[in-house]
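Participant: Okay, here's the structure, questions in a sec.
The values are calculated or read from the model by the stated rules, or taken from the named source; none is laboratory data. A quick note: this is a predicted structure, and the numbers were derived from the prediction, not measured. Please note: Cβ atoms are built from the backbone with ideal geometry, for glycine as well, and neighbour counts cover all protein chains shown. SASA here: full protein model, heavy atoms, side chains in, ligands and nucleic acids out. Shrake-Rupley method; radii C 1.70, N 1.55, O 1.52, S 1.80 Å.
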Amino acid sequence: PEETVTGSFASFIGAARPERLSHTVRHRSKRMILDSIGVGLVGSTTRVFDIALRYCRMYSSGAVSSVYGKPGVKLSPTLAAFTNGVATHSMDFDDTWHPATHPSGAVLPALLAASQMFPPNTKPNGLDFLLAFNVGLEVQGRLMHFSTEAHDIPKRFHPPSVVGTLGSAAATAKLLSLSSAQCGHALGIAASLAGAPMANAATQAKPLHVGNAARLGLEAALLAARGMEANPLILDDIPGCSGFSAFYSIYQPKPLSTPSEHHEFLLEKQDIAFKRFPAHLGMHWVVDAALSVRNLFINYAGSFSPSLIRTIVLKIPVSKYINRPFPSSEHQARHSFQFNACTALLDGEVGLGSFSESSIQRQELRELLDKVVVEHPEDNVANFDKMYGEVALLLHSGDVLTGKCDTFYGHWRKPLSKESLLKKFRSNASHVLPDEKVETIITLVDNLEDLSDSSQL
């Protein structure tokens, strides 16, 4: 089996050791864990989270795992993973990688839930937890690199529902110390539970994709632990019989080497993108471009005066599901180049309150949206590593002011500072936790390697 792609992944999961995690990998993954917890906590205040939680509370058997933002509420591990995954993606505020996916939201809720399953005195420690988290990231990243299609903004399947489900299975299989054969079966089972269409982007159903990835990956690992088997070649490219290749039109898998002194985790090579405001990642380019041209406009006119603007030109990549001229709901607004650019122009910022119904329905915002014209330059490709955002204001005077962003603050090429990341976490977590507990989480995550019981998280 080790000679197959699937066998190599299974061997990697079983053989991964904490000492192979470099300082950079540990540092970056702890930043991801902290940010994801904060995003999940603020996400527990949303309507879509409330719907998911009320559904899950119908099933009370085996309620041992905690729920974001709900002290005293426990669910079964799989339903806790689902609910907390929904919270993490409920505002589209979670981290993003390249090729495009939301890696933490699919893995962290599963590990948090699973860590509470263990009997007393047998719970995994913080270093075990950190290793399992990175195994889940590594599997997701390697799978996405098998397809050139995966490098672009997706059109068919929402990536975390695909690679995230297998990442969750790999991470929890590692935490549960499954055998190499069981790890392979967990990946195979997860492949049969994976996949969600992009048409549900900008709806309340989209957060379910991340919730299901966390939950179903955990379920796959638990089923494999109990003896369920799956195709041992699920990741291989077998002519005439699609396995994981069913999710991609171009698929060229490669074996994953067993961790050794020379193995380099993907997180070592490429950092993660953290969002400064709760919207689709593509919005961050146009917001930074809009804020730049807004400053030029204020220097030009003395204040921001929409009546002086004749036309707003957005130069953005072609991506249908985030090209929404007049969004009518918070989820549509989070996926609208036009809305986010105009909100940044009008308010000088985009934040949690920008996506409320009252903000979306403002007359002055609608008047700005009426002035937007979209262009798709050939050099602006739908790829988070190559795209840019440009906002041009054509004034009634004939003057033109332009702002452009090719790397927003928070992108992996321009990472958030420690201060910025902590500010975001404290702001998010304080919506549901007192200050002392917020600071406790920061300390726990910062010292995760030394934690004797990871379920304390």
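Participant: Determine the share of the chain's accessible area contributed by carbon and sulfur atoms, expressed in whole percent, with a 1.4 angstrom probe.
Facilitator: C and S atoms contribute 50 percent here.
Participant: Another one. If a paramagnetic tag sat 7 Å from the Cα of SER177 along the Cα-Cβ line, which residues of segment 118-142 would have the backbone N under 15 Å from that point?
Facilitator: Residues passing the 15 Å test: 118-129, 132.
Participant: Under a point-charge model restricted to the Cβ atoms of Lys and Arg (+1) and Asp and Glu (-1), what is the dipole moment magnitude of the chain relative to its Cα centre, in debye to the nearest 20?
Facilitator: 780
Participant: Moving to a separate point now. Please work out how much length the chain gains when fully extended from VAL64 to THR311, using 0.36 nm per residue of separation minus the C-alpha to C-alpha distance, in nm with one decimal.
Facilitator: Net length gain for the segment: 83.3 nm.
Participant: Sort ILE441, ILE316 by accessible area with a 1.4 Å probe, largest first.
Facilitator: So, going from the largest accessible area down, we get ILE441, ILE316.
Participant: By how many degrees, between 0 and 90 and to the nearest 10, does the Cα long axis of helix 435-446 differ from the longest principal axis of the chain?
Facilitator: Around 60 degrees separate the two axes.
Participant: Name the shape class, rounded, prolate or oblate, that the alpha-carbon gyration tensor gives for segment 281-405, where a ≥ b ≥ c are the square roots of its eigenvalues, rounded holds for a/c under 1.5, and otherwise prolate holds if a/b is larger than b/c and oblate otherwise.
Facilitator: oblate
Participant: Place a point 7 Å from Cα of ILE238 in the direction of its Cβ. Which residues in segment 197-229 have their backbone N less than 15 Å from it?
Facilitator: Counting only backbone N, you get 229.
Participant: Which ³J(HN,Hα) values in Hz, rounded to whole numbers, follow from the phi angles of segment 9-24 under the Karplus curve 6.51 cos²θ - 1.76 cosθ + 1.60, where θ = phi - 60° and Gly and Pro get x?
Facilitator: My calculation for segment 9-24 gives 5, 4, 5, 4, 4, x, 8, 4, 10, x, 5, 7, 7, 6, 4, 5 Hz in order.
Participant: Continuing with this model, one more query. Only bridges whose two residues both fall in segment 281-405 count here: according to DSSP, what percent of them are antiparallel, nearest 5?
Facilitator: Bridges in segment 281-405 are about 75 percent antiparallel.
Participant: Here's something else I'd like to know. Mean separation of Cα pairs under 8 Å and 6+ residues apart, divided by the residue count of the chain: what relative contact order is that in percent?
Facilitator: RCO, the chain: 21 percent.
Participant: Now for a separate question. Tell me the accessible surface of HIS396 in square angstrom (1.4 angstrom probe, heavy atoms of protein chains only), to the nearest ten.
Facilitator: That residue has around 120 Å² of solvent-accessible surface.
Participant: Follow-up question, since we're still on this one. How big is the dipole moment of segment 332-457 about its Cα centre under a simple scheme where the beta carbon of each Lys and Arg is +1, that of each Asp and Glu is -1, and everything else is neutral? Debye, nearest 20, please.
Facilitator: Here the size comes out at about 120 debye.
Participant: Under a plain spin-label model, where a point goes 7 Å from the Cα along Cα-to-Cβ, how far apart in nm are GLU19 and GLU419?
Facilitator: Spacing of the two 7 Å Cα→Cβ label points: 3.9 nm.
Participant: Search the structure for amide H atoms under 5 Å from the amide H of ARG310, placed 1.01 Å from N in the peptide plane, and list their residues when 5 or more places away or on another chain.
Facilitator: Residues meeting the criterion, in which the H sits 1.01 Å from N, are LEU394, LEU395, HIS396.
Participant: Using Cα-Cα distances under 8 Å and only pairs 6 or more residues apart, what relative contact order does segment 28-107 have, in percent?
Facilitator: 35 percent.
Participant: Oh, and also: What do you get for the angle between helix 206-225 and the principal long axis of the chain? Use alpha-carbon atoms, 0 to 90 degrees, nearest ten.
Facilitator: It is inclined by approximately 10 degrees.
Participant: Let me ask another. What does the extension gain come out to for ALA246 and GLU375, with contour length at 0.36 nm per residue minus their alpha carbon separation?
Facilitator: Here the answer is 43.1 nm.
Participant: Label-point separation (nm) for SER397 and TYR300, each offset 7 Å from Cα along Cα-to-Cβ?
Facilitator: Roughly 0.8 nm, to one decimal.
Participant: Okay, next question. To make sure I understand the rule: partners must be lysines, Cα under 21 Å from the Cα of LYS70, and not fewer than 8 residues away in the same chain. Which ones qualify?
Facilitator: Once the sequence-local lysines are set aside, what remains near LYS70 is LYS424, LYS437.
Participant: Only helical DSSP H runs with n ≥ 4 go in: add -39500 (n - 2.57) per run for the chain, normalise by residue count and round the 222 nm mean residue ellipticity to 500 deg cm²/dmol.
Facilitator: Roughly -14500 deg cm²/dmol at 222 nm, from the helical runs in the chain.
Participant: Grab the beta carbon distance between GLU229 and ALA199, set R0 = 41 Å, and tell me the FRET efficiency rounded to 0.05.
Facilitator: The calculated FRET efficiency here is 0.80.
Participant: Karplus couplings for segment 71-78 from phi (6.51 cos²θ - 1.76 cosθ + 1.60, θ = phi - 60°), rounded to Hz, Gly and Pro as x?
Facilitator: Once rounded to whole Hz, the list reads x, x, 8, 10, 10, 4, x, 5.
Participant: Just want to confirm a number: the relative contact order over segment 281-405, from Cα pairs under 8 angstrom separated by 6+ residues, in percent.
Facilitator: Relative contact order of segment 281-405: 42 percent.
Participant: Treating the beta-carbon of each Lys and Arg as +1 and of each Asp and Glu as -1, no other charges, what is the dipole magnitude of segment 268-344 about its Cα centre, to the nearest 20 debye?
Facilitator: 200
Participant: Follow-up. Output the peptides 225-237, 338-350, 154-166 sorted from most to least packed, where packing is the average of other Cβ atoms within 10 Å over each peptide's residues.
Facilitator: 154-166, 338-350, 225-237
Participant: Need the full-extension length gain, SER427 to GLU439, defined as separation in residues times 0.36 nm minus the C-alpha distance. One decimal, nm.
Facilitator: 3.2 nm
Participant: Right, another one. Kindly rank 183-193, 61-71 from highest to lowest mean number of other beta carbons found within 10 Å of each residue.
Facilitator: By packing density, highest mean first, the sequence is 183-193, 61-71.
Participant: Then there is this: Using per-residue counts of other Cβ atoms within 10 Å, averaged over each peptide, order 363-370, 97-104 from highest down.
Facilitator: 97-104, 363-370
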